[in-house]
Amino acid sequence: MKILIAGATGAIGIPLIKKLVLNNIEVFALTRSIKKKEIIAKLGAKPIIVDIFDENNVKQALTNCQPDVIVDMLTSLPKNYTPLEMQKAAANDKKIRIEGGLNLLKAAEDLSVTTYIQQSCAFWYEPGSHLATEEDLFAFNATPGIIAGIKVYQEIEQRLLHSSIPKKIILRFGFFYGPNTWYAKDGSMAEQVKKQAYPIIGKGNGTWNFVHIEDAANAIYLALKAPSIIYNIVSDSPITQADFLNHYANWLDAPKPFQRTIEEEMKINGPDSVYYATQLRGASNKKAKNELSFSPRPLEWLKVKS
């Protein structure tokens, strides 16, 4: 089996390459960077230099390696997680997912690739009283920035579902945590919490879904034999913003997080930040556990001393 990964040097790409290589799968990885080409090669994959925005270049790259499976993990996210940095990154992130991803999908169709695995999100479901399943809708009644992000995910999901690819898999991930993520002990979120710069907003009752990057990589591997189309890939412990920040600060040996009113946060960072803290909905991983034998680890900040 030959697998091609787009977005291979992101937080999840590296553990994914390791997982696939360990299981004797031939892995190709797209990159635009000579420096990242060396990283990919050291991991045991075969790097391919490509401009993802050049349709002909992408098609030629796929023609050269003839993959059976494509994993689309294309993103362009900032190193530092703040509302301002996310706003600045939004246009480029949309461009690479929509335009770059479309070039990838078109090439896959032209070359009769049999399986296409698409990254999506499990953290923007519309509010509800139960854990969201794959049948629930995205929150198109949310705040402007979130609605814009949802429209991107909807477009990349729908174009795959309506494509000629025989086997289409959509994995809706929670927030990635683990090494080289915002939530690592040396990551952007950790630095903010250590400095008491990331507050609980209002009651902090929005529910956040997380998944460790190695569990996410394993889910992609398990999805190679998936019997269904869409899966939530999240931990067993959806957690409110307030509980997360308190446990996370304890795990970091950081000061207890402070609280900020909704009105104050609205003035400082705007409605998207308030929505994240107060309206996000937990998601169920029952389908992935039942059909993929997905088995996520406990959230690491829930295992610390009291």
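Using label points projected 7 Å from each Cα along Cα→Cβ, tell me how many nm separate SER228 and GLN66, to one decimal.
3.5
Would you work out which of ILE169, PRO179, MET189 lies farthest towards the positive end of the dipole of the range 150-193? Charges go on Cβ: Lys and Arg +1, Asp and Glu -1.
It is ILE169.
Tell me, what is the percent relative contact order of the chain, built from C-alpha pairs under 8 Å that lie six or more residues apart?
That works out to 18 percent.
Quick one: net charge of GLN118's neighbours, Cβ under 13 Å, K/R +1, D/E -1?
Residues near GLN118 contribute +2 overall.
Once the other residues with Cβ under 14 Å from the Cβ of PHE294 are scored (Lys, Arg +1; Asp, Glu -1), what is the net sum?
+2
Taking amide hydrogens as modeled 1.01 Å from N in the peptide plane, which residues meet the under 5 Å criterion relative to PHE175, leaving out close sequence neighbours?
Result for PHE175 returns ASN209, PHE210, VAL211.
Report relative contact order for the range 1-97 in percent, whole number only (criteria: Cα-Cα under 8 Å, sequence separation at least 6).
In percent, rounded to a whole number, it is 30.
Using the beta-carbon distance between GLN87 and ASP54 and R0 = 35 Å, what value does 1/(1 + (r/R0)^6) give for FRET efficiency, to the nearest 0.05?
0.80
Looking only at the range 57-183, where both bridge partners belong to it, what percent of the DSSP beta bridges are antiparallel (to the nearest 5)?
That works out to approximately 10 percent antiparallel.
Compute the semi-axes of the equivalent ellipsoid of the chain, taking the square root of 5 times each eigenvalue of the Cα gyration tensor, and list them largest first in whole Å.
They are 32, 20, 19 Å, listed from largest to smallest.
Show me the trypsin sites (Lys or Arg not before Pro) within the range 9-79 that DSSP assigns to loop and that have at most 10 other Cβ atoms within 10 Å of their Cβ.
Counting only loop positions with at most 10 other Cβ atoms within 10 Å, the trypsin sites (Lys or Arg not before Pro) in the range 9-79 are LYS79.
Put a dot 7 Å past each Cα toward the Cβ at MET1 and ALA148; how far apart are the dots in nm?
About 3.8 nm, to one decimal.
For the range 39-120, build the charge dipole from Cβ charges (+1 Lys, Arg; -1 Asp, Glu) around the Cα centre, then report which of ILE48, THR114, THR63 sits farthest towards its positive end.
The residue sitting farthest along the positive end of the dipole is ILE48.
Quick check: residue separation of GLU126 and LYS18 times 0.36 nm, minus the Cα distance between them. What number comes out in nm?
Between GLU126 and LYS18, full extension yields an extra 35.4 nm.
Based solely on its DSSP helices, what 222 nm [θ] is calculated for the chain when runs of n ≥ 4 H residues each add -39,500 (n - 2.57) and the sum is averaged over all residues, nearest 500 deg cm²/dmol?
-12000 deg cm²/dmol
Sorted by mean Cβ packing within 10 Å, highest first, what order do the peptides 255-264, 1-10, 164-173 take?
The packing order, highest mean first, is 1-10, 164-173, 255-264.
Using +1 at the Cβ of each Lys and Arg and -1 at the Cβ of each Asp and Glu in the range 174-306, identify which of GLY202, ALA223, SER273 lies farthest towards the dipole's positive end.
Result: ALA223.
Only the coordinates and a few stated rules stand behind these numbers; no lab work does. Everything numeric in this text was worked out from a predicted model, so none of it was measured. Here the Cβ is made from the backbone with ideal geometry for all residues, glycine too, and neighbour counts use every protein chain on show.
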